[in-house]
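K.L.:
Below are the structure tokens for one structure; questions will follow.
The values are calculated or read from the model by the stated rules, or taken from the named source; none is laboratory data. What you see is a predicted model, and the numbers here were worked out from it, not measured in a lab. Here the Cβ positions follow ideal geometry from the backbone for every residue, glycine too, while neighbour counts run over all protein chains shown. Side chains included, ligands, DNA and RNA excluded: accessible areas come from the protein's heavy atoms. Shrake-Rupley method; radii C 1.70, N 1.55, O 1.52, S 1.80 Å.
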Amino acid sequence: MDQLSQVFAALADPTRRDLVARLAEEDATVGDLAAPYPMSLQAVSKHLKVLEQAGLVTKGRDAQRRPVHLEAEVLDLSTRWLEQHRR
């Protein structure tokens, strides 16, 4: 599957869109991201894995923390496609 398709597929889920919106504000750990959801840490990790496979997020290492970071430039790919076809 090409990256544009992966991005749209990843963003098709409302939980993943919410994760992207929250990560646009600041990097966060999986535990921080999972806190407001009525689902397990493992379920949130699976959502993050889909976002990671699409190139939308990366996981870093900061001492003992593993912050998740939004790769916002990947959103430009979908934005350009939408703008081209908006006309």
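K.L.:
Can you name every residue in region 42-87 that is in contact (Cβ under 8 Å) with a residue 40 or more places away in the chain and either of a type in the set (Val, Ile, Thr) or outside any loop (DSSP other than H, G, I, E, B) (or both)? Don't jump to the end; show me each part of the working.
P.N.:
The first filter runs over region 42-87 and keeps only residues in contact (Cβ under 8 Å) with a residue 40 or more places away in the chain, leaving 50-51, 53-56, 67-70, 72, 74-75, 77-78, 81.
Val50, Leu51, Gln53, Val68, His69, Leu70, Val74, Leu75, Leu77, Ser78, Trp81, listed by residue number.
This table checks each residue for (1) more than 16 Å from Arg22 (Cβ to Cβ); (2) small (Gly, Ala, Ser); (3) in contact with a strand residue (DSSP E or B) (Cβ under 6 Å, 6 or more places away or on another chain).
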residue	(1), (2), (3)
Met39	no, no, no
Gly55	yes, yes, no
Lys59	no, no, yes
Asp62	yes, no, no
Ala72	no, yes, no
Asp76	yes, no, no
Arg80	yes, no, no
Gln84	yes, no, no
Arg87	yes, no, no
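K.L.:
Continuing with the same structure: Could you give me the residue pairs with C-beta distances under 6 Å whose first residue belongs to region 11-39 and is under 18 Å from Gln53 (Cα atoms) and in a helix (DSSP H, G or I), whose second residue is modelled with pLDDT of 95 or more and among the polar types (S, T, N, Q) wherever it lies, and which are 6+ apart or on separate chains?
P.N.:
Val30/Ser45
K.L.:
Within region 37-49, does at least one residue satisfy the condition of being of a type in the set (A, V, I, L, M, F, W, C), open to solvent by less than 40 Å² (accessible area, probe 1.4 Å) and over 12 Å from the mean Cα position of the chain (by Cα)? So that I can check it myself, show each step before the final result.
P.N.:
Going through region 37-49, the residues of a type in the set (A, V, I, L, M, F, W, C) turn out to be 39, 41, 43-44, 48.
Add one more test, that the residue is open to solvent by less than 40 Å² (accessible area, probe 1.4 Å), and what stays is 43-44, 48.
Checking which are over 12 Å from the mean Cα position of the chain (by Cα) leaves us with 43.
Yes; the residues of region 37-49 include at least one that is of a type in the set (A, V, I, L, M, F, W, C), open to solvent by less than 40 Å² (accessible area, probe 1.4 Å) and over 12 Å from the mean Cα position of the chain (by Cα).
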